[in-house]
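A.B. asks: Just passing along the structure, written as structure tokens.
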Amino acid sequence: MKTVDIDNFGKKLKIVQITDLHLDPLTSSKRLPEIVESINSLKPDIVAITGDIVSHNTLISPTTFAPLKNIEAKTYFISGNHENYIDKDKVLKLIEDTGVKVLLDEVDLYKGVQIIGIDYKRDKNKVYDVLSKVKLDKKIPALLLLHVPMDVRDERVKLILSGHTHYGQIVPFNFIVRIAFKYMKGLYPLENGYIYVSPGTGTWGPHMRLGSKNEITLFSVE
């Protein structure tokens, strides 16, 4: 668990981010209920799931995602790259069936915050294309959910939540990730706000980390 305080957001809220769970047949039945329990203990206003929730087609069933129904806060989901490797449409439908709001290149207004969800993209220009089309009120703070961390600058966006990098997960891959990504882990200031890159709530491949930790992140913004 990690807590991040952010000023000048424009609205006082508690936001929880989880990302890159990579649920697999060995971990899904126990891991997701534990994560949901941890989320509820933080009593957030908003929960953001920023992609890569599962990595196996064998887990695409109502049972896998059922624990999401127990999250006691408004919850949003965006896709990551691993959703593209499996039956993405079915995954998104099952997630929506739990009451989680799936945002794919669209915006939702909740508790005085505009939440923008970007479908998986690696091209920053495509992200800007989405931002140019969604209707945003400049007077209302905006939260951008973006799986791959990018240097996206928009005066309307006060906070970007990303994942994807896993902070390398296992040494020495963190050095490789550092070369590939400008924003690798943690909070970085931007011209009009911040970007936060989570090291991930789960692991991909081997169920281990070396030089990094799984994380559920609580943001206290105001």
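The values are calculated or read from the model by the stated rules, or taken from the named source; none is laboratory data. Since we're looking at a predicted model, the values are computed, not measured. A quick note on method: Cβ atoms are made from the backbone with ideal geometry, for glycine too, and the neighbour counts reach across all protein chains shown.
A.B. asks: Filter region 96-137 for residues that are of a type in the set (D, E, K, R) and in a loop (DSSP other than H, G, I, E, B); which is surrounded by the most Cβ atoms within 10 Å (Cβ to Cβ)?
C.D. replies: 119
A.B. asks: Moving to a separate point now. Just to check your reading of the model, which residue among 83, 106, 37 is more than 28 Å from residue 122 (Cβ to Cβ) and not polar (S, T, N, Q)?
C.D. replies: 37
A.B. asks: Then there's this: Filter region 123-158 for residues that are in contact (Cβ under 8 Å) with a residue 40 or more places away in the chain and within 21 Å of residue 89 (Cα to Cα) and give the result.
C.D. replies: 145, 146, 147, 148
A.B. asks: Being out of contact with any helix residue (DSSP H, G or I) (no Cβ under 8 Å at 6 or more places or on another chain) and among the aliphatic types (A, V, I, L, M) is the filter here, so list the residues in region 59-79 that pass it.
C.D. replies: Across region 59-79, the qualifying residues are 66, 78.
A.B. asks: Could you check region 146-176 and list, in sequence order, the residues that are under 18 Å from residue 214 (Cα atoms), at pLDDT 70 or above and aliphatic (A, V, I, L, M)?
C.D. replies: Within region 146-176, 148, 161 meet the criteria.
A.B. asks: Is there a residue being under 22 Å from residue 74 (Cβ atoms), touching an Asp or Glu at 6+ places or on another chain (Cβ under 7 Å) and basic (Lys, Arg) anywhere in region 127-149?
C.D. replies: no
A.B. asks: Which of the residues that make up region 177-221 are touching a helix residue (DSSP H, G or I) at 6+ places or on another chain (Cβ under 7 Å), modelled with pLDDT under 70 and not polar (S, T, N, Q)?
C.D. replies: Of everything in region 177-221, those that are touching a helix residue (DSSP H, G or I) at 6+ places or on another chain (Cβ under 7 Å), modelled with pLDDT under 70 and not polar (S, T, N, Q) turn out to be 177, 204, 211.
A.B. asks: If a residue has to be among the acidic types (Asp, Glu), in a helix (DSSP H, G or I) and either touching a residue at least 40 places away in the same chain (Cβ under 8 Å) or surrounded by fewer than 14 Cβ atoms within 10 Å (Cβ to Cβ) (or both) to count, how many in region 54-95 make the cut?
C.D. replies: Total satisfying the criteria: 1.
A.B. asks: Give 39, 15 a once-over and let me know the one that is at pLDDT 95 or above, crowded, with 19+ Cβ neighbours inside 10 Å and either of a type in the set (Lys, Arg) or in a helix (DSSP H, G or I) (or both).
C.D. replies: 39
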